[in-house]
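To keep things clear, I will list the structure first and then write my remarks on it.
The values are calculated or read from the model by the stated rules, or taken from the named source; none is laboratory data. Everything numeric in this text was worked out from a predicted model, so none of it was measured. Neighbour counts run over all protein chains shown; Cβ positions are idealised from the backbone, glycine included. Accessible surface areas use protein heavy atoms only, side chains included; no ligands, DNA or RNA. Shrake-Rupley method; radii C 1.70, N 1.55, O 1.52, S 1.80 Å.
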There are 2 protein chains.
Amino acid sequence: MSGALKDAIRVERPAKTLRELALDKVREAIVNGYFRPGDRLVERDLCAQLGVSRTVVREVLRHLESEGLVANLPNKGPIVAQLDIDEAKQIYEIRGALEGMAARLCAERRSPEIVAALEESLAGIRNSYRDNDMAAVLTNTSSFYHTLFTMVDRNVAWGVVNLLTVRINHLRSMTIKTERRGIEGPLQMSKIVDAIRRGDGEGAYQAAMDHVAAASAIAEAVLSAKKPAD
Amino acid sequence: MSGALKDAIRVERPAKTLRELALDKVREAIVNGYFRPGDRLVERDLCAQLGVSRTVVREVLRHLESEGLVANLPNKGPIVAQLDIDEAKQIYEIRGALEGMAARLCAERRSPEIVAALEESLAGIRNSYRDNDMAAVLTNTSSFYHTLFTMVDRNVAWGVVNLLTVRINHLRSMTIKTERRGIEGPLQMSKIVDAIRRGDGEGAYQAAMDHVAAASAIAEAVLSAKKPAD
DNA sequence: AATCGTATTATGGCGTACCAGATACTGTAG
DNA sequence: CTACAGTATCTGGTACGCCATAATACGATT
């Protein structure tokens, strides 16, 4: 029997361990603001809320710690990591470097499929903005960059970007709501696609950098506006 | 009593939790080849070898998993991650982008302190090559890049680079032993320093990219030479 | 003898209970 | 009102036990 066929009929099992489920739940809770930055994450409370044992909770906390979403105070325990403005800027900068790199590679590949896939995501973003569905904007933006990286087989860089992105996720949800972002965001992204279509590597690189830089500027404004009030 | 004074007399405690100690030990063991890629990491065996409980071992394994040093096969358990050649190339590529970025920033900063610090590390590398002390070469190389990133306050990018570097660490120890690397490596790095001294951002970027590209090429040669024999 | 089913073993996943040490809180005595 | 002692809280860490699953060995049946 061929391997491919065997895979085809393979029975899908949940395969997710309790740990992974709990991990997703807690990450979700942090990202969407159920747990606020600075909140203490008391192990035994989490056990109760998640309905799992301390063993699982501890492993989850360790994992989130290595993702940078949770910080561990010595002799004090884990808290939701604070996002300081400088760190956020650094994250945007790194994303710029990596997304620029991916965009350049896409341009150099000169493949119509890439352009088509990117345009599909971009259309999704425009539609989501039109429908005022901010969750969908995030999803589609994510898929835009996902194709940008994976079409040129840069899954490691994609992993790095994802890892960093969760740390600024609540910033993202604020920046996309900003005035004019609904017009400028897609415009900048279409410039990336245009450059890729032209096979203009340098242009694609610059366009990707510009887009992230714009997001970073908005994030900085949002963050510094919020800090004093806090 | 002033806070500063209180800090000054504060008794320095190990501060490292048992978990962190165990984490370092296991990571060390993987990186320096005590555990080979593909080896199974049986929890209860590790408990015995490390002298700690399963809880700690499990947390350590989770952590290493998120670092990419350990892979978890479903219904099978953790093994030491295999490093495939494509992934290694991607890691080098990312390092190139980030180190290039940092080098450019250093050049734009035009600070004599940065140049001095870099030159000190570079001298260390040359001496270590002369003494044939490969471990010291790695340490000094690491400190070279550490200053490159931290002098311009890019600690997040430094963290990313470190995270990626452990995954290719045994490759690094092979590449630096390569013929001629003892001459070419420091030469390329001195080009980075020269560009930074001149304040030539683009030149520093290119020099850093070149250095990583050279390392990547050597790694590829080493890896593809070893694979068939395996 | 070949094959099929079953018992055993190894191992991870998960839970519970317990203890030690650090910290924060609280109430009482002077 | 302050100082101090006692207490509650919480994490770090350990030990042990149970269950599910996968692989392997073994034995029975045809």
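Just a few scattered comments:
- In this structure the amide hydrogen of B:I176, modeled in the peptide plane, comes within under 5 Å of no amide hydrogen from residues 5 or more places off or on another chain.
- Total formal charge among the other residues, if their Cβ is under 12 angstrom from that of A:Q90, Lys/Arg +1 and Asp/Glu -1: -2
- Across identical copies of the chain, A:A116 has label-point separations of 6.1 nm, listed in ascending order, with the point defined 7 angstrom from Cα along Cα→Cβ.
- Region B:11-80 - percent relative contact order, Cα under 8 Å, separation 6 or more: 37 percent
- Summing +1 for each Lys or Arg and -1 for each Asp or Glu among the other residues whose beta-carbon sits under 9 angstrom from that of B:A215 gives +3.
- For the residue pairs B:K16/B:K177; A:K89/B:K89; A:K89/B:K177; A:K76/A:K177; A:K16/A:K177, the C-alpha atoms sit more than 30 angstrom apart in B:K16/B:K177; A:K89/B:K177; A:K76/A:K177; A:K16/A:K177.
- Modelled spin-label separation between B:D153 and B:A71, with each label point placed 7 Å from Cα along the Cα-to-Cβ direction: 4.1 nm.
- Sorted from nearest, the other copies put their B:D45 label points 4.1 nm away, the label point being 7 Å from Cα in the direction of Cβ.
- Between B:R40 and B:A221, the modelled labels are 3.9 nm apart [label points 7 Å from Cα along Cα→Cβ].
- At least 20 Å along the helix axis (C-alpha) and Kyte average at least -1.0, DSSP helices within chain A: A:85-109, A:112-130, A:134-150, A:181-198, A:201-229
- Under 14 Å, Cβ to Cβ, from A:V31 - net charge with Lys/Arg +1 and Asp/Glu -1: +1
- Each 10 Å bin from 0 upward holds the following percent of the Cα-Cα pairs of region A:10-133: 11, 27, 24, 27, 10, 1.
- Accessible area buried between chains B and A, both sides summed, probe 1.4 Å, in Å² to nearest 100: 2300 Å²
- Taken about its Cα centre, chain A carries a charge dipole of roughly 500 debye when the Cβ of each Lys and Arg holds +1 and the Cβ of each Asp and Glu holds -1.
- Heavy-atom accessible surface of region A:11-80: percent carbon and sulfur, 1.4 Å: 52 percent
- Relative contact order %, chain B, counting alpha carbon pairs below 8 Å whose residues are six or more apart: 24 percent
- Solvent exposure of region A:72-230 as accessible area per residue, Å², 1.4 Å probe: 46 Å²
- Applying Stokes-Einstein at 37 °C and 0.692 mPa s to the Kirkwood radius of region B:11-80, computed over alpha-carbon pairs, gives a translational diffusion coefficient of 266 µm² s⁻¹.
- Taking every Cα-Cα distance in region A:85-137 and sorting them into 5 Å bins starting at zero, the pair-distance distribution P(r) comes out as 4, 17, 13, 16, 21, 19, 8, 1 percent.
- Ascending distances from the B:Q82 label point to its copies in the other chains, with the point 7 Å along the Cα-to-beta-carbon line: 4.6 nm.
- When the Cα positions of A:V57, A:L164, A:Y205 are compared along the charge dipole of the protein assembly as shown, A:V57 comes out farthest toward the positive end, with charges on each C-beta of Lys, Arg, Asp and Glu.
- Residues with amide H under 5 Å from that of A:D39, placed H, sequence gap 5 or more: A:V80
- Sorting A:K25, B:K76 on solvent-accessible area from highest to lowest, probe radius 1.4 Å, gives A:K25, B:K76.
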